[in-house]
1. Can you spot a residue in region 372-391 that is more than 16 Å from the ligand (Cβ to nearest atom), open to solvent by less than 10 Å² (accessible area, probe 1.4 Å), under 24 Å from residue 73 (Cα atoms) and not in a loop (DSSP other than H, G, I, E, B)?
2. For region 92-106, what are the residues that are open to solvent by less than 10 Å² (accessible area, probe 1.4 Å) and not in a loop (DSSP other than H, G, I, E, B)?
3. Answer yes if at least one residue in region 430-441 is in a loop (DSSP other than H, G, I, E, B), within 16 Å of the ligand (Cβ to nearest atom) and either in contact (Cβ under 8 Å) with a residue 40 or more places away in the chain or not aromatic (Phe, Trp, Tyr) (or both), and no otherwise.
4. Is at least one residue of region 489-504 touching a strand residue (DSSP E or B) at 6+ places or on another chain (Cβ under 9 Å), in contact (Cβ under 8 Å) with a residue 12 or more places away in the chain, open to solvent by 50 Å² or more (accessible area, probe 1.4 Å) and of a type in the set (Gly, Ala, Ser)?
5. In region 31-60, what residues are part of a helix (DSSP H, G or I), without any contact (Cβ under 8 Å) to a residue 40 or more places away in the chain and not aliphatic (A, V, I, L, M)?
6. Search region 442-481 for residues being near the ligand (Cβ under 7 Å from one of its atoms) and in a loop (DSSP other than H, G, I, E, B), and hand back the single one that is farthest from residue 368 (Cα to Cα).
7. Check residue 515 against each of (1) surrounded by fewer than 18 Cβ atoms within 10 Å (Cβ to Cβ); (2) under 28 Å from the mean Cα position of the chain (by Cα); (3) within 16 Å of the ligand (Cβ to nearest atom) and name the one condition it does not meet.
Amino acid sequence: MTTEQHRTGGQILVDQLVAQGVERLTCVPGESYLAVLDALHDTKVDVIVCRNEGGAAMMADAYGKLTGRPGICFVTRGPGATNASAGVHIAAQDSTPLILFVGQVARDMREREAFQEVDYKSFYGDMTKWVVEIDDARRIPELVARAFRVAMQGRPGPVVVALPEDVLTDHAAVADAPHVDPVEIWPGENQMDQLGAMLETAERPFVLLGGSRWTDGARQNLKAWAERFDLPVATSFRRAHLFPSDHPNYAGDVGINPNPKLAARFKNSDLLILLGARLSEMPSSSYTLLDIPTPRQKLVHFFPDSGEIGRIYQPALGIQASPIAFCEALAKLSPRRNRTGSAAEAHADYLEWSEKPNDLPGAFQYGRAMVWLRERLPSDAIICNGAGNFTIWIHRYYRFRGFGTQLAPTSGSMGYGPPAAVMAKRQNPDRIVVALAGDGDFLMNGQEFATAVQYDIPIIVIILDNSMYGTIRMHQEREYPGRVSATQLKNPDFTALAKAYGGHGERVERSEEFAPAFERALQSKRPAILHCIVDPQALTPTMTLDAIRQRAENSAQAKK
Ligand SMILES: Cc1ncc(C[n+]2csc(CCOP(=O)(O)OP(=O)(O)O)c2C)c(N)n1
């Protein structure tokens, strides 16, 4: 819609969102952007009002991950903006398109440290792709269209748009900007020929997928290519949904403490193809999997932004291309010799590693619950989580099959699961959406359970309660055995909390209680919490708390 009638800045802004196809957004209201809230009143945009800006921004990140279009989040100035930074940082490290609209003090008050004034360029400058403060209502269409493009184009990421209060109440006559789509970046033909030649001579090729800008179609093309060349394909930390785990070429998840056989296969490859992945600290086992700056194996790095190519690892062949484009180009590559790659062997290693969790101390076996979930949940169920040791079981024992089924921060931020689940279920009301959360993790953004109740969004939150910040306790026991400091938690009764919020709540103390409790949660058709009691000894799938402490004490003793 192009209109040049007089509108308020708030109306112009909301019309730009509608022009960009925004169907829903998240916010915590503030007096700094009332004119936007007023303009939203007359639209069909689904406005999800949240309880904390961190949760609101994480929901927007989840929208960006699910759709590839920017998640939109509105917050007020000052404390609203600083709270939201939790989600903005995730979007930055996870390469998620997101636009955070922030209220700002009126133009004539700037630079006085007016009420809740923040200099957004310096606060957000290092964490985002672009920060802009719109100081003329007539420029809203231009700058909002650019914000969408910047958020999606190249390597996606967050953009912050600051809105001085009086710009939003100003009137202007200005035309709307057109709908924008990110430019696809195509690999050159000679680059694809070079890749083809490298594949012909490679004996131990290995493919690692990661990053954003993927689509189901890109994944299909990639699968067909991997099958033709018999390539083992692994996924990067928290990107497991980029390849079906039940596919015979799937080699597993290169995350924290990967399968040693997978790490060895990775290291011993002679041709390593990174598709969309950055291979940052977590998936590279703290930068030990690949030599820096020159890997021993021939490295081919596809990435949608040339700024990332050769940033850490100097590739033999760098190709700037977006996943849709490069996967389409892969369709043209066919093997010229009969290949007997190592895909089947890699998949067998993966199955062996991920099949059966060990039993650990405690009446509730989290590992068994995870295996039950992987068998019970349909392939399109969406699994969300934040950070903590409880996620190790998800990465290792759950099998992500459908595209877009994993919503988890590669940035390792706690508190992501519940808000991400709210957005995932709002977007996909017919799919099962489960958030797994540690007891510490849940209370980082557990307030968004109220949002699920408010909008009748029946997510299921599974809380793994071991009465501590377990991950940090694990590190503490390794570095300072027996000196427990600031890692113990006294938790609320999460079942009662779920009920107090207006949801369904159940306590699970024994393994056999889990399945029926999950089914009842599903049948309740209400937001639900399953409060699962985990023995503090069950700290990792392979080592108890005591064993970790003992090992650290022994090695300290040996050093004396
Ligand atoms: C926002 C944020 N704050 C702090 C941390 C550091 N941190 C990583 S894991 C963790 C503990 C998680 O505890 P919990 O959720 O109870 O899960 P557990 O490790 O016990 O399974 C902490 C504090 C973080 N990753 N993110």
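The values are calculated or read from the model by the stated rules, or taken from the named source; none is laboratory data. All values reported here derive from a predicted model rather than from experimental measurement. Glycine gets a Cβ as well: all are built from the backbone with ideal geometry, and neighbour counts include every protein chain shown. Accessible surface is based on the protein model in full, side chains and every heavy atom, while ligands, DNA and RNA are left aside. Shrake-Rupley method; radii C 1.70, N 1.55, O 1.52, S 1.80 Å.
1. Step one: list which residues in region 372-391 are more than 16 Å from the ligand (Cβ to nearest atom), which gives 372-382.
Cutting the leftovers down to open to solvent by less than 10 Å² (accessible area, probe 1.4 Å) gives us 373, 377, 381-382.
Retained after the next criterion (residues that are under 24 Å from residue 73 (Cα atoms)): 382.
Restricting the remaining residues to those that are not in a loop (DSSP other than H, G, I, E, B) gives 382.
The answer is yes, given that some residue of region 372-391 is more than 16 Å from the ligand (Cβ to nearest atom), open to solvent by less than 10 Å² (accessible area, probe 1.4 Å), under 24 Å from residue 73 (Cα atoms) and not in a loop (DSSP other than H, G, I, E, B).
2. The first filter runs over region 92-106 and keeps only residues open to solvent by less than 10 Å² (accessible area, probe 1.4 Å), leaving 94-105.
Within region 92-106, 98, 99, 100, 101, 102, 103, 104 meet the criteria.
3. Going through region 430-441, the residues in a loop (DSSP other than H, G, I, E, B) turn out to be 430-432.
Now narrow it down to the ones that are within 16 Å of the ligand (Cβ to nearest atom): none.
Within region 430-441, not a single residue is in a loop (DSSP other than H, G, I, E, B), within 16 Å of the ligand (Cβ to nearest atom) and either in contact (Cβ under 8 Å) with a residue 40 or more places away in the chain or not aromatic (Phe, Trp, Tyr) (or both).
4. Scanning region 489-504, I find no residue that is touching a strand residue (DSSP E or B) at 6+ places or on another chain (Cβ under 9 Å), in contact (Cβ under 8 Å) with a residue 12 or more places away in the chain, open to solvent by 50 Å² or more (accessible area, probe 1.4 Å) and of a type in the set (Gly, Ala, Ser), so the answer is no.
5. 38, 53
6. Among those that are near the ligand (Cβ under 7 Å from one of its atoms) and in a loop (DSSP other than H, G, I, E, B), it is 469.
7. (3)
Results for (1) surrounded by fewer than 23 Cβ atoms within 10 Å (Cβ to Cβ); (2) over 26 Å from the mean Cα position of the chain (by Cα); (3) at pLDDT below 95, shown as yes or no for each residue.
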{"site": "171", "(1), (2), (3)": "yes, yes, no"}
{"site": "180", "(1), (2), (3)": "yes, no, no"}
{"site": "186", "(1), (2), (3)": "yes, no, no"}
{"site": "206", "(1), (2), (3)": "no, no, no"}
{"site": "210", "(1), (2), (3)": "no, no, no"}
{"site": "216", "(1), (2), (3)": "yes, no, no"}
{"site": "219", "(1), (2), (3)": "yes, no, no"}
